[in-house]
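Structure first, then comments.
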Amino acid sequence: MTDFLLTPADIEALWLTFKLASVVTLLLLVISTPLALWLSSGHSGSHRMGTHRLKGMVQAMIALPLVLPPTVLGFYLLIAFSPTSGPGQFLHGIGLGSLAFSFTGLVIASMIYSLPFVVQPLVNAFNAIGVRQTEAAATLGAGRWDTFRYITLPLARPGFITAGVLGFAHTVGEFGVVLMIGGNIAGETRVASVQIYDHVEALAYPQAHALSAILLVFSFAVLLWIYARRTGATGTSGAKGWL
Amino acid sequence: MIRGPAAVIRFALTILCLLLPSLSNADLLRIAVASNFTHTLNTLLPEFENDTGHDVEISSASSGKLYAQILHGAPFDVFLSADTDKPQQLAEQFPKIESTLFTYATGRLVYWCPKECEYPLSGISTMPATLAIANPRLAPYGLAAKQTIEALKVSTPTLVTGENIGQAYRFIESGHAQAGFIALSQAVAARLPASQYWLVAEHHHAAIQQTGALTPRGLNNPAARTFIEYLRRPEIQAQITQQGYASLYD
Amino acid sequence: MSELSLRIRVGLEDFELNADLALPGKGVSVIFGPSGSGKTTLLRAIAGLQVSEGEIWFNGDCWQGSGEHRKTSERPLAYVFQEASLFPHMTVAANFDFAERYALHADTPSLRDDLITLFDIRHTLSRKPDRLSGGERQRAAIVRALLRQPDILLMDEPLASLDDARKQEILPYLERLKSEFELPIIYVTHSAYEAARLGDYIVALDKGKVVSQGTLYDVIGDPEFPGDISREAGAVVTGTVDSIDDQWHLAQIRTGSSTHINVPANNLTPGDSVRLWIRASDISLSHQPLTDNSISNSLLCQIEDIRHDPNPALMIVKLRTESMELITRITRQSASQLELEPKMQLYAHIKTAALI
């Protein structure tokens with residue numbers, strides 16, 4: 001058996017997992033912010049009826065990964081983005097290559113999969129701020145960007161932190177989607193969760209234990225931190241966690 | 001709504017009657033089968049059940065998972081693994097089943113290229129951009145594929161591994177990989193046109209011996225032994241061979 | 001002369017707000033009405049916080065209408081909300097900094113220091129809003145709004161969330177606002193008292209429709225007015241403390257060149273300039289000056305106008321004396337007995353004048 005319980009392959013898998021989670025979280029925060037702003041806007045009289053319905057649909061779509069088994073998502077992604085299909089060719093056309101078997105593909109798939117975990121806390125945070133603050137800023141002459149930067153962003157900071165942490169942790173734990181479209185390529189798509197699975201399949205239980213323990217400790221630490229912040233927080237934070 | 005003692009008795013009798021079939025004498029046989037053999041197994045079962053009167057339930061999963069489950073007492077009687085390794089490890093844990101180990105099928109590897117493709121195994125340099133195989137670490141077919149690739153000194157830009165040959169198959173079928181190595185039994189089951197795949201010569205790789213065994217539980221189930229013997233019958237083996245395996249009796 | 005004119009429509013849950021108004025571009029225009037009458041909606045529509053159909057023009061500038069729709073932040077206004085709405089994550093000073101960034105006339109010298117003094121909130125500058133009292137918060141919100149140097153100030157029931165003592169405390173600041181700044185103010189309230197105290201022009205809404213509008217004197221005689229405003233009617237009188245009578249502890253206030261009103265001296269000193277609120281119901285009339293009476297202030301006035309009060313037993317009389325205009329409310333019977341007619345000269349007796 002191996003001398004160290006963590007082989008270089010395991011360490012590479014952990015590093016890849018970390019890399020994936022970081023990239024995905026960053027990108028998700030960037031695209032989720034305007035999305036969450038749009039979803040949480042809509043105070044009295046500022047929207048027509050149709051917009052409300054559209055928002056409902058969009059929110060349902062975003063929440064799908066919460067309900068769908070990840071393997072379903074992976075499966076459909078595999079089919080939808082096959083090189084012969086429209087979306088697959090589109091991806092090739094814009095230079096992103098194939099969705100399967102690439103780190104880029106994994107990033108895109110993970111973004112879809114972790115989207116609700118980032119959008120939801122942000123929506124909650126923006127809702128908690130309420131509309132009065134942004135109205136006050138507007139009446140003082142602040143434009144949309146200034147209002148966002150000086151009022152919304154600082155007030156929603158706890159929500160951003162929760163969204164980032166949840167998105168990161170969730171991507172670390174991602175398995176089903178990676179399994180379906182990853183192709184198990186070392187350094188590209190062989191993330192820690194798949195590595196653990198393979199260890200178990202190959203009956204290499206000690207290695208599976210080692211890697212699993214690391215992920216378990218990490219997840220627990222993250223959750224502990226989130227909950228400790230929530231129950232310990234006093235002060236003006238208006239962002240309720242989503243959990 | 002239960003009204004009165006008469007109704008209670010009626011209710012209890014109904015439940016009892018529903019339980020009766022499982023108290024019958026015909027034995028229930030539970031088989032744990034590696035996913036890649038499931039399809040073939042299903043074609044053999046109706047005849048077995050008819051002939052012997054035994055009921056069969058199968059659970060199909062990856063060999064590794066089945067091994068783990070059996071190790072921890074899952075109620076299977078027969079274990080049909082995709083490789084030799086896992087039944088042997090099971091025998092190490094439960095020496096009593098050692099004598100029941102047997103090869104129930106020998107797999108054949110094929111190279112599958114759905115679109116226009118030059119057969120590379122004769123040494124041509126052009127290889128498809130992405131080649132898919134099963135994970136060599138987990139699946140015997142994957143290991144065989146890897147051995148074949150090494151034996152023929154073939155290089156490919158991207159080698160993609162599926163968790164099992166099922167996934168390797170899907171990668172190729174969906175176009176994500178242009179070609180790859182799958183099991184002959186898959187090609188047969190999917191009725192792939194013969195022009196799309198080539199049989200890999202057996203000397204390029206270690207034999208893919210799909211091995212079965214009784215589980216510790218199965219040692220006490222006569223139906224399990226009946227089944228194993230059934231599998232080894234020449235006419236049954238002929239059926240298995242037809243589905244894409246090498247014949248055991250040459 | 002500046003003016004805010006609007007012709008807008010807003011569909012609400014229970015009714016439709018429909019307003020066609022031309023509000024004067026100076027002084028305080030009060031939008032009065034019971035709760036749920038649409039007055040806050042109207043104010044928000046003017047600000048652009050509420051979507052509305054129709055037109056809004058201010059000083060010849062089109063804010064809304066015929067294809068144009070200016071965002072709230074582009075309208076030269078400032079807004080004071082019912083619950084102060086200071087930014088909770090900033091100190092009061094930082095709130096002010098924020099407002100000053102968007103000052104509309106940045107080239108004019110900053111009034112920040114003066115405003116802080118005027119509204120007496122210097123001690124709150126380094127605190128966050130949650131450490132301020134309700135009254136302090138509202139005053140700070142008003143200062144923040146003013147720091148924008150708006151061309152028009154919108155106030156949505158700024159006193160509603162305060163208790164009576166705080167209201168009395170802040171009203172003088174609002175009146176100072178009125179007198180110190182040449183700033184048109186639109187002031188929403190359901191308090192007839194506030195409307196009477198502050199309103200130069202009063203618009204009354206009921207279920208989304210304008211049911212009455214005009215100066216205080218115009219509306220108090222209007223039976224359609226949805227509130228007992230004539231009971232709250234009164235007049236503001238300004239003057240200077242001439243002298244203090246130590247024996248009777250009274251201060252003599254000179255209004256105009258020769259008219260005097262006596263009020264309890266309290267803490268006044270000669271030379272103080274003061275404002276008095278004289279309620280209509282605190283003035284009685286007679287043809288002769290009263291000597292044998294507890295009311296000490298008697299002024300010779302001329303009747304400018306007489307009109308009916310919505311209450312059929314009462315009449316409203318507008319009086320003028322020298323520099324002041326007063327309103328009094330008397331029974332129709334008395335009016336008849338005194339044979340009151342416009343231009344008649346008679347004595348007005350002021351029972352109480354409140355310092356404000």
Among C:S126, B:S247, rank each residue by its count of other Cβ atoms within 10 Å, from fewest to most, as a rough exposure measure. C:S126, B:S247
Could you tell me what fraction of 2.2 N^0.38 Å the Cα radius of gyration of the protein assembly as shown comes to, as a two-decimal ratio? 1.53
Taking every alpha carbon pair in the range C:284-356, what does the distance histogram look like in 10 angstrom bins from 0, in percent? 20, 53, 26, 1
Choose one of A:A36, C:N267, C:T189: the residue whose Cα lies farthest towards the positive end of the charge dipole of the protein assembly as shown (beta-carbon charges +1 Lys, Arg; -1 Asp, Glu; about the Cα centre). A:A36
To the nearest 10 degrees, how steep is helix B:222-232 against the longest Cα principal axis of chain B, on a 0 to 90 scale? 30
Taking the convex hull of the Cα atoms, report for the range A:75-215 its projected area averaged over all directions, in nm². 11.5
Would you please report the Å³ per residue occupied by the convex hull of the alpha carbon atoms in the range B:109-199? 82
At R0 = 25 Å the Cβ-Cβ FRET efficiency linking C:A160 and C:R9, nearest 0.05, sits at 0.45
Reported to two decimal places, what Rg/Rh ratio describes chain B when computed on Cα atoms with Rh from the Kirkwood expression? 1.10
Mean Cα-pair separation over length for chain C, i.e. relative contact order, pairs under 8 Å, 6 or more apart, %: 16
Degrees separating the helix C:164-180 axis from the principal Cα axis of chain C, which is the longest one: 80
If you take each beta carbon of peptide A:183-189 and count the beta carbons of other chains within 10 angstrom, what is the mean? 5
How about the range C:1-77: which GluC sites (Glu not before Pro) there lie in a loop by DSSP and see at most 10 other Cβ atoms within 10 Å? C:E13
Around C:I56: net Lys/Arg minus Asp/Glu count, Cβ-Cβ under 15 Å: -2
Roughly how big is chain B's charge dipole about its Cα centre, with Cβ charges of +1 (Lys, Arg) and -1 (Asp, Glu), in debye to the nearest 20? 560
Could you pull the Rg and Dmax for chain C, using just the Cα atoms, both in Å? 22.1, 70
How far apart, in nanometres, would the label points at B:T14 and C:R332 be if each is projected 7 angstrom from Cα along the Cα-to-Cβ direction? 8.5
Would you list C:R127, C:R137 from fewest to most Cβ contacts within 10 Å? C:R127, C:R137
Computed over the Cα atoms, what is the radius of gyration of the range A:164-221 divided by 2.2 N^0.38 Å, N being its residue count? 1.13
For chain C, build the charge dipole from Cβ charges (+1 Lys, Arg; -1 Asp, Glu) around the Cα centre, then report which of C:G208, C:L290, C:V241 sits farthest towards its positive end. C:G208
Cα atoms only: what Rg and Dmax, in Å, come out for the range C:1-128? 17.1, 48
For chain A, find the longest principal axis of its Cα atoms and tell me its angle to the long axis of helix A:70-80, 0 to 90°, nearest 10. 90
Determine the dipole magnitude for the range B:109-199: charges of +1 sit on the beta-carbon of Lys and Arg, -1 on that of Asp and Glu, nothing else is charged, the reference point is the Cα centre, and the result goes in debye to the nearest 20. 120
P(r) over all Cα-Cα pairs of the range C:235-355, 5 Å bins from 0 to the longest distance, whole percent per bin, short to long, reads 2, 11, 21, 23, 18, 12, 6, 4, 1
Burial order of peptide ranges B:177-186, C:214-223 (average beta-carbon count within 10 Å, highest first): B:177-186, C:214-223
Take the residue pairs C:K39/C:K178; C:K39/C:K71; C:K178/C:K351 and return only those whose Cα atoms are more than 23 Å apart. C:K178/C:K351
Spherically averaged projected area in nm², based on the convex hull that wraps the Cα atoms of chain A: 15.9
Compute the signed sum of charges (Lys and Arg +1, Asp and Glu -1) over the other residues within less than 15 Å, Cβ to Cβ, of B:S35. 0
Net charge near C:P88 (other residues with Cβ under 15 Å of its Cβ; Lys, Arg +1; Asp, Glu -1) is +3
Counting all Cα-Cα pairs in the range C:152-259, those more than 24 Å apart amount in percent to 38
Shielding score for A:140-148, defined as the mean number of other chain Cβ atoms within 10 Å: 6
What is the ratio of the Cα radius of gyration of the range B:48-89 to 2.2 N^0.38 Å, where N is its residue count, to two decimals? 1.31
Other protein chain Cβ atoms within 10 Å, averaged over every residue that makes up C:101-107: 2
At 7 Å along Cα-to-Cβ for each site, give me the label-to-label distance between C:E304 and B:Q239 in nm. 11.4
Segments A:125-133, C:237-245, B:77-85, B:6-14 sorted - mean Cβ within 10 Å per residue, highest first: B:77-85, A:125-133, C:237-245, B:6-14
If each residue's Cβ is checked for other Cβ atoms within 10 Å, how do A:D146, C:D309, C:D107 rank with the fewest at the top? C:D107, A:D146, C:D309
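Every number in this text was worked out from the coordinates using simple rules, so none of it is lab data. Being a predicted model, the structure only gives us computed values, none of them experimental. Neighbour counts are summed over all protein chains in view; Cβ atoms, including those assigned to glycine, are modelled from backbone coordinates with ideal geometry.
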